[in-house]
Structures are given as structure tokens and as C-alpha cells.
There are 2 protein chains.
Amino acid sequence: MTTAPDPAVRAYLADNAKGYLDDLVEWLRIPSISGDPAHAPDVRRSAEWFGGALRDAGFPIVEVWETDGGAGLPAVFAEWPSNDPRAPTVVVYGHHDVQPIDPIELWDSPPFEPIVVGDQLRGRGAADDKGQILFHPLGLRAHLAATGRTGPAVTIKLLVEGEEESGSPHFATLLRDRRDRLSCDVVVVTDTGIWNRDTPSICTAMRGMALCEIHFRGPAGDLHSGSFGGAVPNPLTAMAGVLAQLHDERGRVTLPGFYDRVIDLTDRERELIERLPFDESEWLANARSTAGAGEEGYSALERVWTRPTAEINGMWGGHTGAGSKTIVPSEAHAKLSFRLVADQDPGEVQAAVRAWLPARLPAGIEWDLEFESGGVRPCMTPLDHPALQAVTRAVGRAFESEVLYTREGGSGPEADLADVLEAPVVFLGVGLPDDQIHAPNEKVDIPLLLRGAEAAAYLWPDLAQTLRR
Amino acid sequence: MTTAPDPAVRAYLADNAKGYLDDLVEWLRIPSISGDPAHAPDVRRSAEWFGGALRDAGFPIVEVWETDGGAGLPAVFAEWPSNDPRAPTVVVYGHHDVQPIDPIELWDSPPFEPIVVGDQLRGRGAADDKGQILFHPLGLRAHLAATGRTGPAVTIKLLVEGEEESGSPHFATLLRDRRDRLSCDVVVVTDTGIWNRDTPSICTAMRGMALCEIHFRGPAGDLHSGSFGGAVPNPLTAMAGVLAQLHDERGRVTLPGFYDRVIDLTDRERELIERLPFDESEWLANARSTAGAGEEGYSALERVWTRPTAEINGMWGGHTGAGSKTIVPSEAHAKLSFRLVADQDPGEVQAAVRAWLPARLPAGIEWDLEFESGGVRPCMTPLDHPALQAVTRAVGRAFESEVLYTREGGSGPEADLADVLEAPVVFLGVGLPDDQIHAPNEKVDIPLLLRGAEAAAYLWPDLAQTLRR
């Protein structure tokens, strides 16, 4: 049951769509590739451009925030306080940097010369994330125009970083350093998408991650397998033996306590996932895999969205070159990643691997374990969270449709937002699975961008009520 | 119970020891490194030199045999027929090429300027194999001198190859091409050693080998583990799962029928192996392994000498470089070697791997299997074989000591000799474990070389009786 769209919001958007599109094209011409040091000045130029656009939109506070003391690439911060002292505060997160453009020869038009083709705007960053983050000033102006307010119903704080496509190396530090300025009641992430054009949806969770490398050591040097083979432990055999035990016959990870904190799917969540028009055979074809696999009792979508995993990302040891070398090798190595779901803790997973590993090794095999940093925490917003319900209403109203829920199997800086700002994270994004983000011919659907602005315009007054202090 | 040494043999050897040693030093000055193409002329010179030495010793037939139509390195063939028409024929096998000399800086004297230090002669090839193969003309002359014969008690055919240290690439072809010239009743291999100075011993077996590479293929390209991890099969996990099943909990290889043709140790063989003065902790220290491992119910020596093995020599797949890459990889690879014992057949092992592998793979993982050539057959001479008993008597008489038995865990061209010439293979060698063959400061014990010559002098009349047609 959705509320009817607001004609005043729609009228404002219709009147201002062309100006929005012109602005976006201008912004997309700036090649703000954060992964290429040669483009660092462009990322700065992009920050300045966006700051100017926010000032033009009426934001009274606009700042370019340096990272790593100026050695990193800048984020843009902007704030528009509500004039209602009891209004909640919302942080809107996105990024203004873009992916590299290789392989350039596969683009049908130059990546930084955006062109409109029918309903679509093609160019690097159109969907990820400039087109989406730029719908916020538009949506906010629509909100003001439709309600006759001079300031927004909620205090809006925009935080748009410039290093997301490079792994957000300074983002957690920036959040901690600016925690006071960023204090808020909810975080709205605008860097995701919907299921498809006809199925608006909201992402409710992202998986976390723990990454490690395991080193196995047998004899102190490679041994001739004629002289020693069959009588000393082989670290490759030991590694195979250990890693074969990583999953049980039901596809479950065998680390002790691994599932203890996993929040199981509710019946309603399962039902909603099942209602998504998902074609598993098409999904497998897209994966170029001839079969599915994984934890018993879960569908493919449930497996990648809602279940934790242990994946071997790499393995090596002994003779790996041409021809044969009949040795008992001295060393073996493996890289593992664990995808985590709420409420798993990367630190607890590290401890579990340490407890699990040695018991599975034969005598004569030494091991050590390196974890890459502290990992990434998973994040999830429950379906009944008031902020998520507000987003659901806003998106449903804009799309005039029922809204379903998705999750992300990957991991992003969103968990840092939730962690450092101690606020729930909700997702408002209108990208499509075929937007070719990170690939040649990135594009975005212009009508969907306007739907995103419309949803934002509905969201602010709704949140003002829902989260009223 | 050994027969007393023959004073006439000993007198001849004492009188001719210096001449033998001078000849050996001359031969060792020729750097016949088969592994280095720059030394190919030296290998030819070595063959010519040895041919001349055999002519001087009285061999009526001496030929240099080209390999690979002259593109390979030459072998030396020499024949001295017995004048007894009922005498058996013996092929004596050895090699005149030597190992490379790197790392040259670790030699205490130049490798091709042999020097005598006490009882030892140091130089590349002193033990492996020039010193040993050169005791044959000396021993044969001692046999003639002591018995007053003008021709040997058995027909002697020497076959001394020039490519053994390079893996004998043309040897099997040479044997097949010259099969008629090499027809014989027994093959005596002189390229091995004894247990230690006080424990003369005879090698009775060598393990065979089958080598393969297994390729596992999952998704057609690497996949993002956030988007697909946990829902598609991972070829590294599949490889670990398969290879972890290569051995059962008792350390036995699980290939179907793998042990069917294995000739079990007799109680007498076990007892004789146990009588060797073997220090397992010293052996492990030498292997630089902190623990032993392997098939339940067998000692370390039994494992490396008498039991077949499956060893993973190398494994690789996915991301093996620095840092992390959170992928479900597309491919995984392993190199395996199987050491075989009599009467296992490398071809049957290949078939067993093909039958074993696919049943252990999950859906969605493709595989293929490459075997390196047809493998190497194991060889073994039973303790009660008349030729082996003759060698045992000859060695015991020369050393005035009981003779024990060893085996070789490695694989060599000896199996080709047995196979092509359809004759039993026995080993007569006097090297020591610390002769540093294949290493800097290779040396040989001069008194042991003379013991080898003496044993040969006793062996020929004994074999003439034992194998009399």
C-alpha cells in the first residue's frame, strides 16, 4: 500500500530535469579517476565542482575535506540544517571519484564525453556514483519547493568521498576525525541499485570480511622424493587435508562457533527474497559456472546475500613451473577470505581460525597465520527498522510500486559508517544491474535518476516524523 | 659364511693399484659434463679415452656408440667374449658423464684437477661413476691373472653411457636399437654404493615412477567472491578435497588397486633391513624434518625403499601474488608423482588415477589429467635370485664380511635395462653415502674401489658356474 505521488514534487522535477542533466554532463566531463595518480588534480577539480553545485543548490555549509593531511584525495562535506530543532539528522553518503576506463577500445563513445542515447546517459561515473549522488540536491530542492519550506525537514549532511574506487584507504580515519561534525541519526547510502526497472528494491545488508594467509612449513628445504618421499610429511598434502575440512558435507564452514552470531533469515525475509524475479540458470550463465554449490538448505541468492562463507582465493607451493620436479616441497601457502554476515565479528573469526587450524595438522608441519588488518564488519538493517520503513515508503511512492529487498554479497565502507557514526545505515540507490559500472560503456537510466530524486524528496519529511526526537 | 679371499687376486690388485689410480686421475681430468652443451666435446673425449683404456686392458671389441644419430652424447660399448661356449653373458652398466660443478666456490680443490687426500681421491666423477666403472677392467684383469685364463669366465659386455646425468634421454632407444648386441643373462649395474665402510651391502631394487599434472576448472573466469562466493564451486576447494583423499588415515594411497601388484616384504627382507645400522633421528635431521610420516606399519627405510607413494610436488591456483584478491578462482592445478615398487605398472597407475579422480569432484568442476610419458617401471631382484646370491658371495669375499641389502627409493635407467634386455639386474657398487656425488668436493674411497675390483674378479667365475647354460 503506497501513498500517491506528490504532484508538486513531480512538477518541480519535470521543470528542473534538464538543468540537472546539464549539470551532470558537466561533472561527468571531469575524469576523476582516483586509482590513477595522474588524475589526482581531476579528483580535486571534481570535488570543487560538486562543492559549487551544492552551494548553488542552497547548502549553507560546503567544505572540501582533505584526507591524509592532503596526501589523499578530498571528500566533499555539505550541511543544510533543518530549522526544526527537533528534526533528526541524516548523513548521505556517496563518492565523486570514478573507476579507470580500460579497456578503452571497448567503449562506444569516449568515457568522459557523456552522451544521451534514448533514456540513457552514457559516460564513466554516470551510475557509479555521480549521477546518483547528484540527484540529492535536486531531490532536496523538490522537497523544499513542494512543501514551501526554506530549510529541509531533516538536517542533511552530505559526505561524498573521493577514494571509494581505490578502496577508501583514508575513509575510516576521516570518519573518526570528523565524528562530531558527522553525528547523525541515520545514514543514507546512495551508491547501489534496484533489482530491475520494474522491481524497485532496497539493499538492507552488506557482508563483512576477514582475509588471511596461511603458511605451512614441512622439511626445512625441498627434498628428493626418491630419497624421502613417503616418509616425511608433505606440506602440500597437509594443506589439502586442512582446507578440505574447511566445509562439512553440508557445505557449512567448520570453524568453531562460526555461525553462533549469524542472524538467521526470518520467514518473511525468505519469502521476500523468493518474490524477486530471479532466474538461477541465467545467474549461473552469468557466472560462467556449469553448476551451483554451497550451503545446504539455501538458494543461490540466500547463499551470496545472507550466509557467511569461507573461500580459498589462492594456493601455491612446491614446483609450479614447466615440467616435473620430484620433490617433497618445503612450503605451502593459501589465501583465504571469509565473507561475514551480521552479527559476526571479524576478530572472532580470526580467533576461530587460530583455534581450528593446528588441530588439523600432522606432526612435522609448522604453520603461521597472517590476517589482513581487522577485517570489515558486516552490516544489516532489520526490515522493521523505522528508517528502513521510511525509505521503503519513499521508494514505493516514487515508483508507484511495491518495494522488495535485496542485499549485497560484497563488502564496502558502509560498515565503517555504521560503526563509527553509531547509526543505522539504509540504502537509497537507483542503479540497474546492467549499468556496466566498472566496465566499458557505463550508463545510467535518466528516468530512474529522477525517481531517485523523487524518493529523496519524499524521504526527508517522512524521516522527520519517523525519527522525531 | 664367506669364502676366504684369493691371495692371487689381491696380489694382482696390489701390484696394479697405482696404475689404476693414475689412469683414473687422467680420466677425471676430462670434464665430461653431459648437462652443459659446451662440454659435449669433453664427453666425446671421455668416451674415446675410456675406449682406449678398455683396448689397453685387452678388450677385443671396443666401439663408441652414437646416440640420436650423433646429436646425443656417445656411449662406450666393449665386449670380451668368454672362450667357454657354455659361459653366460653379463652386461655391465655404468656412465662416463659427470654432474655439473656448481657451486664452484664450495670446492676445496678444482673439480677437474683430482687430488689424493689420505685414502680418498677428490674430483668430479671420482665416485659417480668413473672411479667405479674403471674398476671393471682392473677386476677383469685380476680375474684373468689369478685364474691363468686368457679370456674371462663369462662373456663381458660393458655399456657405459654418456647421458646418465642428463636423464638418459636416448638410453631406452639405444637399448632397443642394439638389443641383439646386448643380449645377456644378467645385468650388473655399477653406479651405486654400500651402506657404510663397515657394512657392505647390495642394492636389490629401485622404485619406478608415474608423473602427472591435474587441471581443475570451475567458473570460466575468476569471479568476485562478494557477488558469487558461497554459491558456485571453487576449484581450489575442490582440489583440496580431492587431494586430501589421496591417502587414507593409515597413510595408504587410495587409488583403486594401487597395492594389488605390490610384492610385500618377506619376513627375511624385513629382518635384514632392520639389521642395517640405521639412526632414524639422524636421518630425519638430514631431511631437516621435525617428524616422520607415512604408511602405518612400516619403518622409515621400508617406506622409502619398499612402499609405493603418492606425493604432491606442486600446487597452484587463484591469486598467489602480494596482497589479497577476493575471488572465486577459475582454475587450480597440481603436479603429482607416484613412486612405484615391483610389480606395479605405471600404465595401470595412470588408469587408476583416471578412475579415481572424477568420482571425487563436485558438480561444476571440470578436470583433465596429463601424464608425463609412460613412466618408469620399478625393478627388484629377489634375494634368492642366483645372480644376486653370486654377487653377495663375491662382495662378502672381497670385504671379508657379511653382506646386507639395501634398495633405492629413486628411479633410474636400470628399469629400462631389465625391460628391454629381459634380464635380471643386480648392483655392484662401492660408493659411500658421504661421497658428495652431485655436490661440491665429490670424493671416493680408494681402498673401496679396489674392493669393488676384487668383488668383480670373484663374481665372474662364480656367475659362470651359477648361470652355466
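Annotation for B:Glu422 and A:Ala71: the two label points, set 7 Å from Cα along the Cα-Cβ direction, are 7.9 nm apart. Roughly how tilted is helix B:7-28, in degrees to the nearest 10 and between 0 and 90, from the longest Cα axis of chain B? Helix B:7-28 and the main axis of chain B meet at about 60 degrees.
The Stokes-Einstein estimate for chain B, based on a Kirkwood radius over Cα pairs and taken at 10 °C with 1.306 mPa s viscosity, is a diffusion coefficient of 66 µm²/s.
Computed over region B:280-364, the P(r) tail beyond 15 angstrom holds 74 percent of alpha carbon pairs.
Each 5 Å bin from zero holds the following percent of Cα-Cα pairs in region A:373-413: 5, 19, 22, 18, 17, 10, 5, 3, 1. Taken over region A:56-135, the convex hull of the Cα atoms encloses 149 Å³ per residue.
What do you get for Rg/Rh over region A:135-221 if you use C-alpha atoms and the Kirkwood form of Rh?
Working: Rg = 20.8 Å, Rh = 17.7 Å.
Ratio of gyration radius to Kirkwood radius: 1.18.
Mean silhouette area of region A:340-399, derived from the convex hull of its C-alpha atoms and averaged over all directions, reads 6.6 nm². Ordering B:301-313, B:411-423, A:57-69 by mean Cβ neighbour count within 10 Å, with the highest value first, yields B:301-313, B:411-423, A:57-69. Scaled against 2.2 N^0.38 Å for its residue count N, the alpha carbon radius of gyration of region A:114-263 is 1.77. The mean number of partner chain beta-carbon atoms within 10 angstrom of a residue's beta-carbon across peptide A:237-249 is 5.
Binning all Cα-Cα separations of region A:218-350 at 10 Å, short to long from zero, yields these whole-percent fractions: 10, 29, 27, 19, 11, 4, 0. For the residue pairs B:Lys18/B:Lys443; B:Lys18/B:Lys130; A:Lys335/B:Lys335; B:Lys130/B:Lys335; A:Lys18/A:Lys443; A:Lys18/A:Lys130, the C-alpha atoms sit more than 26 angstrom apart in B:Lys130/B:Lys335.
Think of the protein assembly as shown as a dipole: +1 on every Lys or Arg Cβ, -1 on every Asp or Glu Cβ, centred on the Cα centre; then among A:Val341, B:Tyr12, B:Tyr259, B:Tyr259 lies furthest on the positive end.
Sorted from shortest to longest, the distances between the B:Arg250 label points of this copy and the other copies are 3.2 nm, with each point 7 Å from Cα along the line through the beta carbon. Its Cα gyration tensor gives region A:30-165 an equivalent ellipsoid; the semi-axes, largest first and in whole Å, are 29, 19, 10.
Compared with the direct C-alpha span, the chain from B:Ile104 to B:Ala38 gains 22.1 nm at full extension, assuming 0.36 nm per residue. Sorted shortest first, the distances from the A:Glu63 label point to those of the same residue in the other copies are 9.6 nm; each point sits 7 Å from Cα along Cα-to-Cβ.
Size of the dipole of region B:115-155 about the Cα centre, Lys and Arg at +1 and Asp and Glu at -1 on the beta carbon, nothing else charged, in debye to 20? Don't skip to the answer; put the middle values down first.
Details: 5 positive and 3 negative charges, 25 e Å.
The calculation lands at about 120 debye.
A Stokes-Einstein calculation at 4 °C with viscosity 1.567 mPa s, built on the Kirkwood radius of region B:352-469 over Cα pairs, returns a diffusion coefficient of 72 µm²/s.
With the convex hull drawn over the C-alpha atoms of region B:407-455, the volume per residue is 105 Å³.
Just so you know, the Cα atoms of region B:1-77 work out to an Rg and Dmax of 16.5, 51 Å.
Shape summary of the protein assembly as shown, radius of gyration then Dmax from alpha carbon positions: 38.8, 130 Å.
The equivalent ellipsoid of region B:102-158 has semi-axes of 34, 12, 6 Å, largest first, where each one is the square root of 5 times an eigenvalue of the Cα gyration tensor. If you wrap the Cα atoms of region A:318-357 in a convex hull and average its projected area over all directions, you get 4.5 nm². Calculated mean residue ellipticity at 222 nm for chain B: -10000 deg cm²/dmol, from DSSP H runs with n ≥ 4 weighted as -39500 (n - 2.57), summed, divided by the residue count and rounded to 500.
Please compute the contact order of chain B in relative form: average sequence separation of alpha-carbon pairs under 8 Å and at least six residues apart, divided by the residue count, as a percent. Relative contact order of chain B: 26 percent. The mean number of partner chain beta-carbon atoms within 10 angstrom of a residue's beta-carbon across peptide A:138-146 is 0.
Might you report the magnitude of the Cβ-based charge dipole of chain A about its Cα centre, with Lys and Arg at +1 and Asp and Glu at -1, to the nearest 20 debye? Don't skip to the end; give the middle numbers.
Numbers: 42 positive and 70 negative charges, 123 e Å.
The calculation lands at about 600 debye.
Take B:Thr147, move 7 Å from Cα toward the beta carbon, and the resulting point lies 11.6 nm from the same point in each other copy, nearest first.
Spatially, region A:1-79 and region A:137-166 are offset by 10 Å when compared through their Cα centroids. Axis angle, to the nearest 10 degrees, between helix A:346-356 and the longest C-alpha principal axis of chain A: 10 degrees. Whole Å is fine, so just give me how far the alpha carbon centre of region B:357-427 lies from that of region A:312-338. Each part reduced to its Cα centre gives a spacing of 29 Å. Shape annotation for region A:289-425: C-alpha extents along the principal axes are 68, 38, 27 Å, from largest to smallest. Taking every DSSP beta bridge that has both ends in the protein assembly as shown, the antiparallel portion is near 70%. Taking every residue in B:316-323 and counting other chain Cβ atoms within 10 Å of its Cβ, the average works out to 6.
What value in Å³ per residue do you get for the convex hull of the alpha-carbon atoms in region B:255-329? Could you put the intermediate results ahead of the total?
Values: hull volume 11.6 nm³, N = 75.
In region B:255-329, the Cα hull volume divided by residue count equals 155 Å³.
In debye, nearest 20, what is the charge dipole magnitude of the protein assembly as shown about its Cα centre with +1 on Lys and Arg Cβ and -1 on Asp and Glu Cβ, if you could check?
Values: 84 positive and 140 negative charges, 147 e Å.
Its charge dipole is roughly 700 debye.
Would you kindly give the portion of the calculated P(r) for region B:222-300 that falls above 21 Å, as a percent of all Cα pairs? Within region B:222-300, distances greater than 21 Å cover 57 percent of Cα pairs.
All of the numbers you see were taken from the coordinates with simple rules; none came from a lab. It should be emphasised that the depicted structure is a prediction, and the values quoted were computed from it without experimental measurement. Ideal geometry is used to build each Cβ from the backbone, glycine not excepted, and the neighbour counts take in all protein chains shown.
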